[in-house]
Amino acid sequence: MTSLQLALSDQTRENALSNPCQLEQIRAYVDRPIYPGLRGRVRYHSTYWFGVCAQNLTLPHGTEVVVTGRDGNTLIVEPILA
């Protein structure tokens, strides 16, 4: 991947995370379990973020989630239900 491609992908990611209208399209995976009221860890592309569940649910490792918002360095996520 060229430096231009990396810069564009970083810019696209930052724009998506700062624009709530685009957040509904962002999918990520739970890296460390998220428990009700507690932060876990979420992997989005090749970066790791703190994550909390918008619902009163436990999300185990590997759960595919959609990012619905962001509070500082913490992503607000919900599970993708099949």
Checklist entry - Restricting attention to segment 3-12, does a residue exist that is more than 9 Å from the chain's Cα centre (by Cα), part of a loop (DSSP other than H, G, I, E, B) and at pLDDT below 95? => result no
Next on the checklist: For the list (1) modelled with pLDDT of 90 or more; (2) within 12 Å of the chain's Cα centre (by Cα), I need the number of the one condition that Ile26 fails.
Outcome noted: (1)
Checklist entry - How many of the residues making up segment 42-68 are in a loop (DSSP other than H, G, I, E, B), closer than 11 Å to Glu78 by Cα and either of a type in the set (A, V, I, L, M) or at pLDDT 95 or above (or both)? => result 4
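The values are calculated or read from the model by the stated rules, or taken from the named source; none is laboratory data. Keep in mind it's a predicted model, so treat the numbers as computed, not measured.
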